[in-house]
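Trainee: I'd like to ask you about the structure that follows.
The values are calculated or read from the model by the stated rules, or taken from the named source; none is laboratory data. Keep in mind it's a predicted model, so treat the numbers as computed, not measured. All Cβ positions, glycine included, derive from the backbone under ideal geometry; neighbour counts span all protein chains shown. When the accessible area is computed, the model is the full protein with side chains, heavy atoms only, and any ligands, DNA or RNA have been set aside. Shrake-Rupley method; radii C 1.70, N 1.55, O 1.52, S 1.80 Å.
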Amino acid sequence: MLKLDNCVVQNGSFSLQADFSVETGASVAIVGPSGAGKSTLIEAIAGFRDLTRGQIFWDGELISNLSPGKRPVAMLFQDGNLFPHLTVEQNIALGLRPNGRLSTEEQAEVQNALDRVSLSGLGGRKPAELSGGQQSRVALARVLVQRRQLLLLDEPFAALGPALKAEMLDLVAGLLAETGTTLLMVSHDPQDARRITQETILVAENHAHPPAPTSDLFDNPPPSLRDYLG
Amino acid sequence: MVGRAQPVSTWPGVGAAGLVAALILGTLAAVALRAETAGGFGPADWSALRFTSVQAVLSAVFSAALAIPVARALARRRFRGRRVLITLLGAPFILPVIVAILGLLQVFGRAGWISDVLGLVGLPPLRIYGLHGVVLAHVFFNLPLATRLILQAWQEIPAERFRLAAQLGCDGGTMFRLIELPMLRRILPGVLAVIFAICLTSFAVALTLGGGPRATTLELAIYQAFTYDFDLGRAALLSALQLALTVAAALAALRFSQRDGFGAGLDRAIRRWDGGAPVRDAFWIFAAAAFLFLPLAAVLISGLAGLFEMPIQVLRAALTSVLVACVSTVVFLTLALPMAFAVAAGRYGIVELSGILGLAASPLVIGTGLFILIHPVANPSTLALPVTALVNAVMALPFGLRILVPAAREVVTRHGRLALSLDMNKKTFFTLVLLPRMRPQIRFAAGLSAALSMGDLGVIALFADPQIATLPLQIYRLMGAYQMQAAAGAALLLLLLSMGAFWLLDRGGRHHAET
C-alpha cells in the first residue's frame, strides 16, 4: 500500500497538499486542471521533489528519505525516457543493472521483455530509428525488467495518436495484470482514465483528493473538475 | 528543479576550480607582494599605460566600425560560399599570432605587396611598425570576431520585423533607423568592451610590431623588465598595473556582453525587401575577405619556399611545441571537464568564478608571478615547458567552459532524472551518458585548447633560455636575426600544426555525433 501521510510539496510559490493511500495492485488516474500540480505530486512520490512536510510509506516502510533510484518506483516521463545514443537492448539492460553489464540469464530476460512488447529483432537499433510507438514500447520493456512495485506514468504517451495511445494503455494494463504492479497515471483525458483505471485522484486547488471510483467521478464531477472538463 | 540527488559528482570540479583559483590568485599575490618593494612609477611606465589604452581603444573602435557594414552585408545577402566565409571568420581565433604577423608584414610591410605597388607609381612604402601596425594587427584578429558578434545580433532580429517594415514600405535608410540602429546600440558596447579587453593583454603583436619608447604596451614592458634589466620588482609593479586594467576591462566586458557569441549557428539569412545597393554589400564582403585572406595567402606562398630549408632548431622547436600542446590539452581537459560537470550539477559560484579568473590575469602577469615563486627554489628556465603548458591550459579555460558548460547542463537536465530513477551510479552516468553525449563539445574544446597552446607566444618568452624554444618563439628569434625565409617556412609549419591539431581533435566530433 502506498501512503502519503499529511504531505506538503512546494514548487516555487505553489504548494500541494496530499494525504491519501492507494491499495497495492490498484490502477489510479491522476486528473485535474493544468498547473494544478499533477506532475508535482508524481515527482514527489518518485523522489524528484522534496517534501516540505509529511512522509511517504510503501507497505509500511518509509520511502520519502530514499533517493529516486532506491524507491520501489519505476517512472516514465513525458519525454526523454530513453538514452538516444544507446541501443534498444542497452536501454532495457539499464533497468536490470544500472551499469548495463548483464549476465547471460539477464540478457535472455531482456530478449523476453522485447518479445513481450512485440519488438523482437529490433534490439540493435537506436531510438531515433524507431517510431514514437516503438520507442514507448522500449520504455515499457525496461519498466518490465525493472520489476518495481509501483509504476508512475507522467503522460509518456501524450505525443502519440489516439489509436496508438489506446494500444499502449492496453499494453500497460496487460503488464500490470501479469506482475501485480500498482499504477499511478497522470492523464488529461477522461477516456484514458476510464480505459485502464478503477480509481481517480483529483488534483485541484492545491489539494490532491483521496482516490475515488473513476466512473463515479466522471459521471458526477465536482465543480472544480466540471470546469476543467467543460 | 531536481531536489537533492545529482547524477554527477561535484567535488572533482570544485577541487579543480580550487586549484585554478589557487594558481591564479597565488601568482597574483606573489606579484602584489613583490610590487610593494619596488619604487614608484616612472615616466616610461605611464607612457606604457597610455599606449596600452590608446591602442586598445583604437583597435576596438576600428574593428567594430568596419564590422558593421560587413555584418550587414552578410546578413542581407545570400551567395555561394557565404557559410564557408562565416565559418572562416572563426579561424583567426586559433591562428597563431606570429603567423598572422608574418603574413601582415608580407602584405603591408615596408617590402610588402602594397608597398611594391605604391613604388610602381612612385609613392613611398608603408611603415607598419608602431601604433598603426599594432592597431592593424589587432583589427586583423578582431574584425572577424566583431563581425560574428554583430552578425549574430542581426540574425536574431525576428524576420517578422523586416516583413512588417517592408509591408509598410520602409526604404533601406528608414529600416536601418527603425530596426537595425536599436540593435546596434544594444550590441556595440559589449563588442567594444570585449575587443578592448582582448587588446589590452596582447603581447606578441606589441613584441613584433611595437617597441621603443612610443609603442610599448604594459605586457611588453613586463617582458623587457625581465629580459633587459632582470628587474623582478619592476616587472611585478607593471604586472599589478596591468592586472588592475584587465580586471576593470574584463568586468566591463562581462557586464556589457551577456550573450555568448561563440560558435553559434549563423546560417539563417533573413529575407529582406529593402534591397539597397548590392554593389556596396559586395564591396564590403570582398574587402573584408581580402583583408583576412591575403596575409594568409602570403604566408602560404613565402612559406612553401622556406619549408624545405628549415634549420634543425625549427624542427626541434616544432617537436617541443607539439609536446607542450599535448600536455596542455590534457591538463585543460582534466580541469575543464570536472568543472563543467560541477557547474551543470548546480555548483555555480566558485567553479564559474575561477573559470573566468583567467580572463582577468594575463599570461605574462601569471608568468611573472610564477617566476617570482619558482626563482628562489629552482632555475625557472628548466621549468619553462611545464609552466607554458600549464598557463596555456588555464588561459583556455574561459573559452573551453563556454563550450562545455551548456552541453553538460543540457545532458544533466535531459537525462539526469532518468539516470536517477534507474539508480545509475555516478561513474556509470559519466562513462555511459555524459562522455558519449558531450563528445562533440569535448573534441571542439580540446581542439581549441591544443591550437591555442601550439600558437602561443607569451609566457614561454619569459622563461626560456637560448637553448629552449617553442615554434612561435623560434620564429620570433629567426625574425630577429633577419632570417625571413626560414621564418616564413617555420610559420607555415606552425600554421599547419595549429590547424592540424584543431582539425584532428575536432574532426568527427560533430560529424559522427550520435543522435
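Trainee: For A:LYS126, list the aspartates and glutamates whose Cα falls under 19 Å from its own Cα; do not include residues on the same chain fewer than 8 positions away.
Mentor: Correct list for A:LYS126: A:ASP79, A:GLU89, A:ASP115, B:GLU514.
Trainee: When only C-alpha pairs under 8 Å and at least 6 residues apart count, what is the relative contact order of chain A, in percent?
Mentor: So the answer I get is 29 percent.
Trainee: Let me ask something else about it. Checking understanding here: applying a Kyte-Doolittle mean of at least 0.5 and a length along the axis of at least 24 Å (C-alpha), which whole DSSP H helices in chain A pass?
Mentor: A:162-179
Trainee: Using alpha carbon coordinates only, what is the Rg to Rh ratio of the protein assembly as shown, with Rh defined as the Kirkwood radius?
Mentor: Values: Rg = 31.7 Å, Rh = 29.7 Å.
Answer for the protein assembly as shown: 1.07.
Trainee: List the DSSP H helices in chain B whose Cα atoms stretch 24 Å or more along the helix axis and whose mean Kyte-Doolittle hydropathy is at least -0.5.
Mentor: Span-like helices, by this rule, are B:11-36, B:43-76, B:131-155, B:181-200, B:232-256, B:278-306, B:312-344, B:384-421, B:435-455, B:484-506.
Trainee: Decide, for the range B:52-303, between rounded, prolate and oblate: order the square roots of the alpha carbon gyration tensor eigenvalues as a ≥ b ≥ c, take rounded if a/c falls under 1.5, and otherwise choose prolate if a/b is larger than b/c, else oblate. Could you put the intermediate results ahead of the total?
Mentor: Numbers: a/c = 2.48, a/b = 1.49, b/c = 1.67.
Oblate is the answer for the range B:52-303, as a/c is 1.5 or above yet b/c matches or exceeds a/b.
Trainee: Got the relative contact order for chain B handy, in percent, Cα pairs under 8 Å and 6 or more residues apart? Don't skip to the answer; put the middle values down first.
Mentor: Values: 756 pairs, mean separation 140.4, N = 515.
Across chain B, relative contact order equals 27 percent.
Trainee: A further question follows. When the Cα centres of the range B:285-326 and the range A:153-230 are compared, how far apart do they sit, in Å?
Mentor: The range B:285-326 and the range A:153-230 have Cα centres spaced 68 Å from each other.
Trainee: Next up: Can you give me the C-alpha center-to-center distance between the range A:1-80 and the range B:384-437, rounded to a whole angstrom?
Mentor: Centre-to-centre distance over Cα atoms comes out at 31 Å.
Trainee: Still on this structure, please answer the following. Assuming R0 = 22 Å, what is the FRET efficiency of A:ALA158 and A:LEU229, from their Cβ-Cβ distance, to the nearest 0.05?
Mentor: For R0 = 22 Å, the calculated efficiency reads 0.80.
Trainee: In terms of the Cα gyration tensor, with a ≥ b ≥ c the square roots of its eigenvalues, is the range B:56-132 rounded because a/c is under 1.5, prolate because a/b exceeds b/c, or oblate?
Mentor: Prolate, since a/c reaches 1.5 and a/b exceeds b/c.
Trainee: Now a separate question. Could you name the lysines whose alpha carbon sits less than 25 Å from that of A:LYS3, not counting residues in the same chain fewer than 8 places away?
Mentor: A:LYS38, A:LYS70
Trainee: Let me ask something additional. State which stretch of chain B is the longest one without any exposed GluC sites (Glu not before Pro), exposure meaning a DSSP loop state and at most 16 other Cβ atoms within 10 Å.
Mentor: B:310-513
Trainee: Something else about it: Test of understanding: given chain A, find the longest segment containing no trypsin sites (Lys or Arg not before Pro) that are in a DSSP loop and have at most 16 other Cβ atoms within 10 Å.
Mentor: Value returned for the longest uninterrupted segment is A:1-100.
Trainee: Give me Rg/Rg_expected for the range B:281-343, where Rg uses Cα atoms only and Rg_expected = 2.2 N^0.38 Å with N residues.
Mentor: Working: Rg = 19.5 Å, N = 63, 2.2 N^0.38 = 10.6 Å.
After normalising by residue count via 2.2 N^0.38 Å, the value is 1.83.
Trainee: Suppose we flag chymotrypsin sites (Phe, Trp or Tyr not before Pro) only when DSSP calls them loop and at most 11 other Cβ atoms lie within 10 Å. Which is the longest uninterrupted stretch of chain B?
Mentor: Longest stretch, sites excluded: B:1-227.
Trainee: Given points 7 Å out from each Cα along the Cα-Cβ axis, report the B:ILE114 to A:SER67 separation in nanometres with one decimal.
Mentor: Roughly 6.2 nm, to one decimal.
Trainee: May I pose another question? For the range B:52-303, calculate the relative contact order in percent as a whole number, restricting contacts to Cα pairs under 8 Å that are 6 or more residues apart. Numbers along the way, then the final one.
Mentor: Numbers: 283 pairs, mean separation 86.5, N = 252.
Here the relative contact order equals 34 percent.
Trainee: Accessible area per residue for the protein assembly as shown in Å², computed with a 1.4 Å probe and the full protein assembly in place, what is it?
Mentor: Details: 32230 Å² over 745 residues.
Accessible area per residue: 43 Å².
Trainee: Now for a separate question. With r defined as the distance between the Cβ atoms of B:TYR228 and B:PHE41 and R0 fixed at 22 Å, what FRET efficiency is calculated, to the nearest 0.05?
Mentor: It comes out at approximately 0.80.
Trainee: Using helices alone, I'd like the mean residue ellipticity at 222 nm for the protein assembly as shown: each DSSP H run of four-plus residues gives -39500 (n - 2.57), total over residue count, nearest 500.
Mentor: Helix contribution divided over all residues of the protein assembly as shown: -20000 deg cm²/dmol.
Trainee: Nearest 0.05, what FRET efficiency do B:ARG82 and B:LEU178 give at R0 = 25 Å with Cβ-Cβ as r?
Mentor: On the way: r = 25 Å, r/R0 = 1.01.
Here the calculated transfer efficiency is 0.50.
Trainee: Rounded if a/c is under 1.5, else prolate if a/b beats b/c, else oblate: with a ≥ b ≥ c from the C-alpha gyration tensor eigenvalues square-rooted, which is the range B:1-143?
Mentor: Judged from the Cα gyration tensor, the range B:1-143 comes out oblate (a/c at least 1.5, b/c at or above a/b).
Trainee: Over chain A, with a Gaussian network built from C-alpha contacts below 10 Å, which listed residue (A:SER215, A:SER120, A:SER187) shows the highest mean-square fluctuation?
Mentor: In the Gaussian network model the winner is A:SER120.
Trainee: Still on this structure, please answer the following. Given the whole protein assembly as supplied and a 1.4 Å probe, what does the accessible area of B:ILE403 come to in Å², nearest 10?
Mentor: Around 20 Å² of this residue is reachable by solvent.
Trainee: Something else about it: Rank A:LEU217, A:LEU41, A:LEU202 by mean-square fluctuation in a GNM of chain A with C-alpha springs under 10 angstrom and give only the top-ranked residue.
Mentor: A:LEU217
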